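First comes the structure, then the notes that go with it.
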Amino acid sequence: MAIVFWLGVLGQELVVLQQPSLSLPISISQALPDRCNLASFEQAQPITALFDHSSLQIIHDRFDSRVARRLGYFFTLDTHLQMALSDAFTSRSLRQLTIEVVSQQELYQAHSEAQNWFDGSTGHATVRLADQYVIGDYETPCTLSLAGIENEFSEVILRANYYATYGIDLRSSVHQESATLAFSSLVSLLLQGESFTSAEDIRSILQEILARSQRSYANRTDLPLSGSQQEAEFVATWLNQRLEFLLPTPFADGQVQFVVDPSAGRGHVIRPIVVSVP
């Protein structure tokens, strides 16, 4: 049996992952079967209301603010990311965030369904999202591209925090992009209510997505393979903070952590391992 997952941020690539040995079946879909309904979306606070005291704006939304409400709904599911974004605004590491809603065609031309930028000198960030990417174009009103949404906003926070700490921009690399995307895919599973029976189950899924992402990102000539040790460790620390919140209770075989591994001679690889808990 295979896990099929759409990684739009890799450029419309359909990635098929072989399912590891699990005692519970895992299925990945773009929908939230237990939590997703029209009433939830229509009654959700827009993302601008969640951060109403911050410099956050959304432009080119649909007339009914549908994208803003879908994003607001997502942030109510991922409260840790919501707190992290709020803290970034409070600390002024992030001074302004613009969410630009564009057509899918505009981002298809860039081989992506979502993009983000951060300018450390001004503290301004931009996230570009295709409206149908957020709302759904699969003939169902309950489609939410969780992995891509988490990935873009998480990376903005990561870049803002890195610049605030070191005064320089965090450079994108194949290893960094692959690790953050693998984690975002796990978030999508968890928010859909998937359950896991061991840390090794989670590590296996993360590693497989990470490996496939590395092969895809390696085709991009604008990305170096690896960042510096400082950059890699900062990314790993951020991912571990997210893991600690989303998986606060260790499994019987331990807990999953991201580590920086330079041993393979491929730079500073960011990869998941299982750590025993006393």
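In whole Hz and in residue order, list the ³J(HN,Hα) couplings for the range 69-85 that follow from phi through the Karplus curve 6.51 cos²θ - 1.76 cosθ + 1.60, θ = phi - 60°; x for Gly and Pro.
Those phi angles translate into 6, 4, 5, x, 4, 4, 5, 6, 7, 9, 5, 5, 5, 4, 5, 5, 5 Hz.
Work out from phi, with θ = phi - 60° and the Karplus expression 6.51 cos²θ - 1.76 cosθ + 1.60, the ³J(HN,Hα) of each residue of the range 208-220, listed in order in whole Hz, and give x for Gly and Pro.
Here the 3J(HN,Hα) series is 5, 5, 4, 5, 5, 5, 4, 5, 6, 5, 4, 7, 8 Hz.
Starting from the 7 Å offset along Cα-to-Cβ, what nm value, one decimal, do you get for the label separation of R62 and S228?
4.5 nm
Please find the FRET efficiency linking Y166 to S276, where r is the Cβ-Cβ separation and R0 is fixed at 45 Å, and quote it to the nearest 0.05. Walk me through the numbers on the way to the answer.
Numbers: r = 32 Å, r/R0 = 0.71.
Calculated value: 0.90.
Which whole-number percentage describes the relative contact order of the range 124-239, with Cα contacts under 8 Å and a sequence gap of 6 or more?
Values: 97 pairs, mean separation 32.9, N = 116.
Once divided by the residue count of the range 124-239, the mean separation gives 28 percent.
No value in this document is a laboratory result; all are computed from the given coordinates. Note that this is a predicted model, so its numbers are computed, not measured. Cβ: placed from backbone, ideal geometry, glycine included. Neighbour counts: every protein chain shown.
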